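Worksheet: the structure to be examined is printed underneath.
Coordinate-derived values only; no laboratory data. None of these values were measured; they are calculated from a predicted model. For neighbour counting, all protein chains shown are included, and Cβ atoms are generated from backbone atoms with ideal geometry for every residue, glycine included.
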């Protein structure tokens with residue numbers, strides 16, 4: 001794990017900027033080959049659940065974009081133990097389906113500064129399931 005607060009903050013900030021700008025090259029560069037992104041799932045939509053690897057993460061972002069789901073990182077948070085969290089605002093309209101929620105997403109980082117796991121916690125899981133129904 002990168003040692004200083006500033007190191008960890010920079011990792012979170014760079015990943016947040018890559019997500020906000022949909023910079024797939026920067027996203028691929030930030031994550032490890034086996035990086036896992038965990039979103040809650042009810043099993044009804046293959047976009048949700050756990051995705052593994054840079055290609056799967058980029059593919060998920062493409063699907064979210066196609067679904068007109070806007071995701072924007074508003075804050076990068078780091079604690080004294082080295083944990084990194086991103087606070088997102090997600091919103092979208094797809095026909096009659098609407099979503100407007102906040103997420104907390106934690107990043108696990110290896111000693112080389114690569115993100116190995118992304119775990120998202122949602123404020124309105126039912127709205128996410130309905131949006132992707």
Between the Cα axis of helix 54-66 and the main Cα principal axis of the chain, the angle (0 to 90°, nearest 10) is 40 degrees
per DSSP, antiparallel bridges as share of beta bridges in the chain, % nearest 5, sits at 90 percent
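If you stretched the chain out fully between residue 62 and residue 25, how much longer would it get, using 0.36 nm times the residue separation minus the C-alpha to C-alpha distance?
Values: separation 37, 0.36 × 37 = 13.32 nm, distance 1.32 nm.
Answer, rounded to one decimal: 12.0 nm.
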In nanometres, the difference between 0.36 nm per residue of separation and the alpha-carbon distance of residue 89 and residue 106 is 4.7 nm
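With N set to the residue count of region 79-133, report its C-alpha Rg divided by 2.2 N^0.38 Å to two decimal places.
Details: Rg = 14.4 Å, N = 55, 2.2 N^0.38 = 10.1 Å.
The value comes to 1.42.
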Rounded to whole angstrom, the alpha-carbon centroid of region 86-131 lies from that of region 30-56 at a distance of 11 Å
Here, residue 121 and residue 80, labelled 7 Å along Cα→Cβ, have an inter-label distance in nm of 1.9 nm
Dimensionless Rg/Rh of the chain, both radii on Cα and Rh by Kirkwood, sits at 0.96
